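Chemist: After the structure tokens below, expect a handful of questions from me.
The values are calculated or read from the model by the stated rules, or taken from the named source; none is laboratory data. In this text the structure is predicted, and so the values were computed from the model without any measurement. Neighbour counts are summed over all protein chains in view; Cβ atoms, including those assigned to glycine, are modelled from backbone coordinates with ideal geometry. Note: accessible area is taken over every heavy atom of the protein model, side chains too, but ligands, DNA and RNA are not part of it. Shrake-Rupley method; radii C 1.70, N 1.55, O 1.52, S 1.80 Å.
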Amino acid sequence: MTATPSPIASRASWKGSTLDWQADALHVFAPAEIEEIDAALQHLQRLGDLDLPEITPETFPLPTVGRYFERLRDELRFGRGFVLLRGLPRERYTTDEMARIYFGFGVHLGAPGPQSWQGELLGNVIDVSDIEADPRGYHKGGRQNFHTDSADVVALLCLRKAKGGGISRIASSVGIHDAICERRPDIARRLYAGYRYRRMELDARFGEGVQVSPEPVPIYVNRDGELSSYYMLNYAKTAAEHGFSTLSDFDLEALEEIQRLANSEEFYLDMSIGEGDIQFLNNRIMLHSRSDYEDYPEVARRRHMLRLWLQMPSWPAMPAAQVLHTAGDRTLWRRQRRARMEFPTAYLEDMAQYLREGRKLVAAA
């Protein structure tokens, strides 16, 4: 535990109220880049109906755009911590082609990993709470609290916008950390000490079997001036609800202070992600959420994003104390994956069939 946490004061320490993200973190694809992306897709398609693990920098070659992704690794790590890619002509591609292009971008940046016990390498972020018996947050509609995920980089591609609302809301973990250090050093010390986390039951059951962190997970770790944050408010509260920890009023105040600041106009930044836009976030230094939204009743018309969880082999490993989902978990989760199950066409057909038949999608035994 750090006795006297201090501000980081890096480029990643920003406030949404003062940041012009369109000048600082927007990349619009040039016509020549779109041509190169088209050529990469055509090359991939000539190789046959490849599954996601077969999409690599070699099967999806990007001689020029690939160098942009190499530079993006440093910008995500040492810069503002996020970028929005715009200009991909959504109307030109089918949903499955969009998925292939997006995954191709991902392998040029990092290593896509499974996102839950189901082993999916590409997450379909869509409200199927009327279909799944026990849906995760990304399979529910409506507003989300600020949180981090369990990856180095989190990416979202917009396939289909909501009927209304559904704005991506992000905040700098570093900026919030610095403000807490300056304004409430007592809370900063408590956050560095950490909390026991209880993760989803199925992630544990189909992984290595550990559902509750053996030790408190520090919200913040500062290694030589480089911050790493891992903030899962619900995981901390669930651990307490199940008797694995006790949260005092001050413990809860410290946890909620991050949420309070992230939701303040001083710190949050709203981004409207249009169809075809792609957002990349450094999950170690960013918090993300979304606003409430109105959706369509038909599954095929609902708000639909695709999500990537990327590990970054070129970065220092995540601090061991902040690792909840292990490499062993991810290896075991991959065994649940079925070939091509994440492609939007197949996924939506499965969901529509469950809805037509009035059945609920439940976990395997």
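Chemist: How far apart, in nm, are two points set 7 Å out from the Cα along the Cα-to-Cβ line at residue 294 and at residue 249?
Modeler: The two pseudo-label positions are separated by 4.2 nm.
Chemist: Also, quick follow-up: If you count only protein heavy atoms with a 1.4 Å probe, what accessible area per residue comes out for the chain, rounded to a whole Å²?
Modeler: With all protein chains present, the chain gives 42 Å² per residue.
Chemist: Rounded to the nearest Å, what's the spacing between the alpha carbon centres of the stretch 60-129 and the stretch 173-222? Just the number, please.
Modeler: That distance is 27 Å.
Chemist: Which percent of the accessible heavy-atom area of the stretch 19-357 goes to carbon and sulfur, probe 1.4 angstrom?
Modeler: 48
Chemist: Turning to a different aspect of this structure: Residue-wise, which Karplus ³J(HN,Hα) couplings in Hz belong to the stretch 226-232, taking 6.51 cos²θ - 1.76 cosθ + 1.60, θ = phi - 60°, and x for glycine or proline?
Modeler: 10, 7, 10, 10, 9, 10, 10
Chemist: A further question on this structure: Can you run phi through the Karplus equation (6.51, -1.76, 1.60; θ = phi - 60°) for the stretch 170-181 and list ³J(HN,Hα) in whole Hz, with x for Gly and Pro?
Modeler: Per-residue couplings from phi come out as 10, 8, 7, 4, 5, x, 5, 4, 5, 5, 5, 4 Hz.
Chemist: To continue, here is another question. What is the chain's relative contact order, in percent, from Cα pairs under 8 angstrom and six or more apart in sequence?
Modeler: 31
Chemist: With a 1.4 Å probe and all protein chains kept in place, how do 47, 361, 159 rank by accessible area, largest first?
Modeler: 47, 361, 159
Chemist: Using a simple charge model, +1 on the beta-carbon of Lys and Arg, -1 on the beta-carbon of Asp and Glu, nothing else, what dipole does the stretch 19-357 show about its Cα centre, in debye to the nearest 20?
Modeler: 320
Chemist: Could you work out [θ]222 nm for the chain from helices alone, using -39500 (n - 2.57) per DSSP H run of at least four and dividing by all its residues? Round to the nearest 500 deg cm²/dmol.
Modeler: After summing the helix terms and dividing by residue count, I get -10000 deg cm²/dmol.
Chemist: Expressed in nm to one decimal, what extension gain is obtained for the pair residue 323 and residue 51 from 0.36 nm per residue of sequence separation less their Cα-Cα distance?
Modeler: Extending this stretch completely gives an extra 95.1 nm.
Chemist: For the stretch 269-280, what does the Karplus curve 6.51 cos²θ - 1.76 cosθ + 1.60, with θ = phi - 60°, yield as ³J(HN,Hα) per residue in whole Hz, taken in order and with x for Gly and Pro?
Modeler: Once rounded to whole Hz, the list reads 10, 8, 10, 8, 8, x, 4, x, 6, 10, 10, 10.
Chemist: Now, a different point. What size of dipole, in debye to the nearest 20, comes out for the stretch 19-144 about its Cα centre when the only charges are +1 on Lys and Arg C-beta atoms and -1 on Asp and Glu C-beta atoms?
Modeler: 400
Chemist: Using +1 at the C-beta of Lys and Arg and -1 at the C-beta of Asp and Glu, which of 193, 98, 57 has the Cα lying farthest in the positive direction of the dipole of the stretch 19-357?
Modeler: Checked the options; the winner is 193.
Chemist: Give me, ordered by chain and number, the residues 5 or more places off residue 293 or on other chains with an amide H under 5 Å from its own placed amide H.
Modeler: Answer set, sorted by chain and number: 142, 143, 166.
Chemist: What accessible surface, in Å², does a 1.4 Å probe find on residue 201, ignoring ligands, DNA and RNA and rounding to the nearest 10?
Modeler: Number for this one is 100 Å².
Chemist: Another question about this same structure. For the modelled label position 7 Å from the Cα of residue 92 along Cα-to-Cβ, which residues of the stretch 30-68 have backbone nitrogen atoms closer than 16 Å?
Modeler: Within reach of a label on residue 92: 30-45, 61-66.
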